[in-house]
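Presented below is the structure to which this report refers.
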Amino acid sequence: MTRVTLLFSAFLAPLFCLAQTITIKGILLDSSDQQPIRSVTIHIVEKSSVIVAGGTTDQRGTFSISLTDRRPEKIKFSHASYKDVEITFPSPNGSIANIGTVQLVPRVQSLAAIIVDGRKAPSSFKIDRQVYQASQFGNAANGTGTDVLRNLPSVSINAQGEIAFRGSGSFLLLLNGKPTQTDPALVLEQLPAGSIERVEVITSPGAAYDADGKSGVINIVTKTGVEDGWMVQANIMGGTPPLNDFDNKRYNNPQRYGVDLSTSYNKKKWNWNLGLNYLRNDIAGYREGDVYTIRDGIKTSFPSSGERSFQRYNYGGRFSVNFKPDTRNNFTAGFYTGKKFQSRVADLIYHNTRQDLNTGDWSSHTYYNENTQNKEGIFTLANLDYSHDFSEGSRLSFSGLLERADLSGTTYNLNVQYPYIKDTIQYTVNPNTNPLNAYRAKLDYQKKIGSGNLQTGYQFRYDHQQGNFLYQTRINGSKQFETDPHFSSSVRVENRIHAGYIQYNGSSKAFNYAAGLRLEHSERDLLLSNTGHQNQLQLTNLFPSLLIRYTLSEHSVLKAGYNKRVKRTNNFELNPVPEREHSETLEQGDPNLLPEFTGTYEAGIEYSFGKNTLFATFYHQSIDNPIQRVNSVFADTILNRIFTNAGRALQTGLEANLNIALSKMWQLVLGGNLYDYQIKGKIFNGTLPVQNRSLVYSINSTQSFNLSQNWLLQFSLNYISRRATAQGEDGAFITPHFTVKKTTANKRWYFQLQWLNMDGGLNISNRQRITTRGNDFYTTTHYIYEPDQLQLSVGFNLSRKNRKIVLPQSEMGEKEF
């Protein structure tokens, strides 16, 4: 470990360059009431109109920007709700250029006019990310964080609710900048859409970010109070009975209703946030499948059909407090807890046929499989942060994070004769617990050097899971169960990761650049109780990152970058003990599974014209050790789904997003991702070659019509095309939505009707086919979920602030952490 320690020491020794800097300071106030203005954009401009530096004002309306060896001409101030101001750059007094107080004049004084002029654009750009305002996506209202993400250009969600970013389910999820260890889909399903202010997509993360997530980083920013005072937001939703329940027998009356409440109080040095939410969101469904296996010259076919529905709910509470005793010190503490429950039924009738391929003899029988899979998790997150700003323009910060997820579930699998369903063939019960505990501590130092910023730090991360998986079979003729040791085990996984990083972000005339290097030493220990087998994996890896941006004009920017990232393994993927998911499927991991490593090159353009924006990014990914879930034959009527490394994969694509006001009433957001995916290698310990390739595209579109008297009509469409996998393909998936919203004149109330998964009898919405094949098997499954869901919601907003003017996009007080 001495060598690793020395390597980290090199990263943690910041190199400070001697440079003569000028610091520009000032404060921005509202001319009408002399209150400070937060989030004013500041640009320092040279004679050539090139922006050489920039920043924004803080909660007190103050700003501080440092320059080196520059002779700027002007300082420009801009804010959506105020008239732009431009002043001449003042003569510095030594190393300080203090412009004092600058007053901004509101664009309008009437509330009605402010509502129009103050509307935020659906998307915008920052130096390393694209930013999307969650409030612009009406189809996500009353839903969860998952429903917000489905609107982003490179995000797709399939019929199983699995989230893919640039075609991969591997991405790092941040909540208000804090990383989470739990599956992103589980966290997002816990988070009400109404609490989200914006989503930030970072495809070229710097070295200061965790290296996890091969596709990049998605940061969810929740709403928080801006000015002094208190705010309350409440929403309640109810859904109509199903228009199509597929004549299901068990879960034939899906329930959909929810409520969420957010409050915030902001006073001088303190900011308090509290949020509560509950959501019941069942869905009816149907499944059609066709499978055959070939073993020892016998072909067994077992097509099936029947109910596949879900009962699901989640609830949670969020609390955070921020204390800023002075301009140099800042404390933040947060706590979140919530529960998610899901019960999935798959009640299928199987028509089993066995045929001897040599003689042609065959036999058949029919049986009924009643399958229930219950899953639940209690999630708890807590964080404590502290930062201190030094007088020479540097900052030292510490962050501590604790995360716990109590995950458990039980699968009930009953096979009986059909139609005499009282005669039991087999009854198995598979209970499991798989709690996760994760701890993270990070020490970070930043210093302004020249026109840029040097950042260096150290992070330690530790997480462990203790999974217990049982396979119990009822003894024929009794009510007793016996445990099958072949399918039962306890699996313990521990991960320890030391990381040191150095990052420099700077600018030079029309260039902005960010270069970083992250060194990680990871240790993974796995222990199986049933065999006593121990598996250890130690890796030391470098993760470089580079991002360059060139300003062509005031409206257009070219960008190029490279980064290397990793997808780590989890307990489920490592567990080699087969787990019975339902009658025809076992699922199994691989204790020797290696992490995926992905190098991504990208180049693109960002263009803004007025409040309209356009970006297009070309990217290429080279993926080593891609983790795939593949099938093999376990028994004549059972397939084994196995996680394995499958050689190498390449992905080349183009993602784009257009946000444009086609008229005063009509706003269009159109995004998409087109990529070529190919995978090649060997699976099953190198015994079976795999090669597959496909051209994949996804489209996310939102069209909003802002009508008179505060009426809003919105239509959205999410579509993903067919996609190749290691052994087959996932079919296309489409979900259209329509929203009608009425807001009262005083902005206190809104009433909304949603028509989700629009279909109208076309039988195309909310359904997907998934197919895999091999030399000795074939399986295809068609998942059909409830279309044409209707939901009605009512929302209430109340704010009391010191500002005389109520802005249209009030940021309601709430933080996830």
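Considering (1) over 26 Å from the mean Cα position of the chain (by Cα); (2) surrounded by fewer than 16 Cβ atoms within 10 Å (Cβ to Cβ), the lone condition that LEU348 does not fulfil carries the number (2). Condition (residue is assigned by TED's automatic domain parsing to the domain that holds TYR313, within 30 Å of SER309 (Cα to Cα) and surrounded by fewer than 19 Cβ atoms within 10 Å (Cβ to Cβ)) applied to the stretch 379-390: is it met by at least one residue? Yes, some residue in the stretch 379-390 is assigned by TED's automatic domain parsing to the domain that holds TYR313, within 30 Å of SER309 (Cα to Cα) and surrounded by fewer than 19 Cβ atoms within 10 Å (Cβ to Cβ).
Need the failing condition index for GLY338 against (1) without any contact (Cβ under 8 Å) to a residue 24 or more places away in the chain; (2) buried (at least 19 other Cβ atoms within 10 Å of the Cβ), just the number. Here GLY338 meets the rest and fails (1). Hey, can you tell me all the residues within the stretch 555-606 that are closer than 23 Å to SER123 by Cβ and among the β-branched types (Val, Ile, Thr)? Hits for the stretch 555-606 are VAL557, THR600, ILE605.
For the stretch 472-499, taking the residues that are at pLDDT 90 or above and among the hydroxyl-bearing types (Ser, Thr, Tyr), the one that is nearest to GLU520 (Cα to Cα) is identified as THR483. Scanning the stretch 171-207 for residues that are out of contact with any Pro (no Cβ under 9 Å at 6 or more places or on another chain), assigned to a loop (DSSP other than H, G, I, E, B) and either modelled with pLDDT of 75 or more or not charged (D, E, K, R) (or both) gives ASN176, GLY177, THR180, GLN181, THR182, LEU191, THR203, SER204, PRO205, GLY206. I'd like the full set of residues that are at pLDDT 90 or above and either buried (at least 19 other Cβ atoms within 10 Å of the Cβ) or within 30 Å of VAL105 (Cβ to Cβ) (or both), limited to the stretch 779-817. Of everything in the stretch 779-817, those that are at pLDDT 90 or above and either buried (at least 19 other Cβ atoms within 10 Å of the Cβ) or within 30 Å of VAL105 (Cβ to Cβ) (or both) turn out to be THR779, THR781, TYR783, ILE784, TYR785, GLU786, PRO787, GLN789, GLN791, SER793.
Being acidic (Asp, Glu), surrounded by fewer than 17 Cβ atoms within 10 Å (Cβ to Cβ) and in contact with a Ser or Thr (Cβ under 6 Å, 6 or more places away or on another chain) narrows it down to one residue among ASP290, ASP296; which is it? Among ASP290, ASP296, only ASP290 is acidic (Asp, Glu), surrounded by fewer than 17 Cβ atoms within 10 Å (Cβ to Cβ) and in contact with a Ser or Thr (Cβ under 6 Å, 6 or more places away or on another chain).
Have a look at THR772, THR739, THR735 and point out the one that is part of a strand (DSSP E or B), in the same structural domain as GLN678 (by TED's automatic domain parsing), polar (S, T, N, Q) and closer than 25 Å to VAL633 by Cα. Walk me through how you get there before you give the answer.
Numbers: THR739 fails: closer than 25 Å to VAL633 by Cα; THR735 fails: closer than 25 Å to VAL633 by Cα.
None of the others qualify; the one that does is THR772.
When VAL102, VAL131 are checked against the criterion of being closer than 30 Å to GLY177 by Cβ, in contact with a Lys or Arg (Cβ under 8 Å, 6 or more places away or on another chain) and at pLDDT 80 or above, a single residue qualifies: VAL131.
Scanning the stretch 375-421 for residues that are touching a strand residue (DSSP E or B) at 6+ places or on another chain (Cβ under 7 Å), farther than 27 Å from PHE63 by Cα and not in a strand (DSSP E or B) yields TYR418, ILE421. Hey, can you tell me all the residues within the stretch 621-631 that are closer than 20 Å to SER154 by Cα and under 21 Å from the mean Cα position of the chain (by Cα)? Residues satisfying the conditions are GLN621, ILE623, PRO626.
Filter the stretch 555-606 down to residues that are of a type in the set (Asp, Glu) and assigned to a strand (DSSP E or B) and give me whichever is farthest from ASN434 (Cα to Cα).
Of all residues in the stretch 555-606, those of a type in the set (Asp, Glu) come to 573, 579, 581, 584, 587, 590, 596, 602, 606.
From what is left, the residues that are assigned to a strand (DSSP E or B) are 579, 581, 587, 596, 602, 606.
Numbers: GLU579: 13, GLU581: 16, GLU587: 16, GLU596: 23, GLU602: 38, GLU606: 44 Å.
Among residues in the stretch 555-606 that are of a type in the set (Asp, Glu) and assigned to a strand (DSSP E or B), the one farthest from ASN434 (Cα to Cα) is GLU606.
The residues of the stretch 683-708 that are touching a residue at least 24 places away in the same chain (Cβ under 8 Å), farther than 25 Å from THR779 by Cβ and not aromatic (Phe, Trp, Tyr), listed by number, are ILE699, ASN700, SER701, THR702, GLN703, SER704, ASN706, LEU707. ALA616 satisfies every condition listed in (1) at negative phi; (2) out of contact with any Gly (no Cβ under 8 Å at 6 or more places or on another chain) except (2). Of the residues screened, SER363 is one that is assigned to a strand (DSSP E or B), without any contact (Cβ under 8 Å) to a residue 24 or more places away in the chain and surrounded by fewer than 19 Cβ atoms within 10 Å (Cβ to Cβ).
When the stretch 619-631 is examined, which residues are found to be within 17 Å of ARG773 (Cβ to Cβ) and out of contact with any Gly (no Cβ under 7 Å at 6 or more places or on another chain)?
The answer is GLN628, ARG629, VAL630.
Determine if the stretch 467-481 includes at least one residue that is over 29 Å from GLY589 (Cα atoms), assigned to a strand (DSSP E or B) and not basic (Lys, Arg). The answer is no; no qualifying residue exists.
Taking HIS498, is it farther than 30 Å from SER391 by Cβ and outside any strand (DSSP E or B)?
Numbers: farther than 30 Å from SER391 by Cβ: yes; outside any strand (DSSP E or B): no.
Taking the combined requirement at face value, the residue does not satisfy it.
Give, as residue ranges, the strands (runs of 3 or more DSSP E) completely inside the stretch 208-321 that count at least 1 residues that are modelled with pLDDT of 90 or more and closer than 30 Å to SER765 by Cα.
Details: elements: 217-222, 229-239, 256-267, 270-281, 285-295, 298-301.
Per the criteria, 229-239, 256-267, 270-281, 285-295, 298-301.
Among the residues of the stretch 627-684, just one is among the aromatic types (Phe, Trp, Tyr) and modelled with pLDDT under 85, namely PHE684. From the list THR551, THR613, THR600, THR585, the lone residue that is touching a strand residue (DSSP E or B) at 6+ places or on another chain (Cβ under 7 Å), more than 28 Å from TYR209 (Cβ to Cβ), in the same structural domain as ALA207 (by TED's automatic domain parsing) and not charged (D, E, K, R) is THR585.
The values are calculated or read from the model by the stated rules, or taken from the named source; none is laboratory data. No experiment lies behind these values; they were computed from the predicted model shown. Virtual Cβ from ideal backbone geometry, glycine too; neighbours counted across all protein chains shown.
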